[in-house]
1. When the helices in the chain are scored as -39500 (n - 2.57) per DSSP H run of 4 or longer and the sum is shared across all residues, what 222 nm value do you end up with, to the nearest 500 deg cm²/dmol?
2. So what J values fall out for the stretch 5-15 if you push phi through Karplus, 6.51 cos²θ - 1.76 cosθ + 1.60 with θ = phi - 60°, rounded to Hz, Gly and Pro as x?
3. For a quick check: with amide H placed at 1.01 Å from N, whose amide H comes under 5 Å from Phe67's, ignoring anything fewer than 5 positions away on the same chain?
4. What's the extension gain from Glu45 to Ser9 if we count 0.36 nm per residue and subtract their Cα-Cα distance?
5. Hey, rough spin-label estimate for Asp85 and Glu65, points 7 angstrom out along Cα→Cβ, what's it come to in nanometres?
6. Report the dimensions of the stretch 10-54 along its three principal axes from the alpha-carbon atoms, largest first, rounded to Å.
7. Looking at the calculated P(r) for the chain, what percent of the C-alpha pair distances fall above 19 Å?
8. Percent relative contact order of the chain, based on C-alpha pairs within less than 8 angstrom and at least six residues apart?
Amino acid sequence: MSVAVLTESNFYSTIGTGVALVDFWATWCNPCLLQLDVTEELDTEMGDDVVFGKVDVDEEEGLAEQFEITALPTIIIFKNGQPVDIMAGSKSKAYLKQKLESYL
């Protein structure tokens, strides 16, 4: 599996069922690039149970506005299409894994 590139056209169809982690990021944000590495590692380990996606806030301004993204990176965990956890700033792999497991 690989981290899905999410756009307004595929966002809800991708994250609508089960548990999903969405990483809101930008190409110019160095902490975002490091966070994407963590997200990709988690996808490798947990991709059978969790959907992983990323939203480039510069390309998908509508999604960034919808979820009121004001800090980068921002990670939102969804369950059945509804946000259940919103975290601003970089988070460790262990922290995110524990959070995800609590929603499975």
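Where a number appears in this text, it was derived from the coordinates with a stated rule and is not lab data. Remember, it's a predicted structure, so these values are computed and weren't measured experimentally. Reconstructed Cβ throughout: ideal geometry from the backbone, glycine too, with neighbour counts over all protein chains shown.
1. So the helix-based figure for the chain works out to -11000 deg cm²/dmol.
2. With the stated coefficients, the stretch 5-15 comes to 7, 9, 10, 4, 6, 10, 4, 6, 5, 7, 9 Hz.
3. The answer is none.
4. Gain in length upon complete extension: 10.3 nm.
5. Label-label distance for Asp85 and Glu65, simple model: 3.0 nm.
6. 31, 23, 11
7. Cα-Cα pairs in the chain separated by more than 19 Å: 33 percent.
8. Here the relative contact order equals 37 percent.
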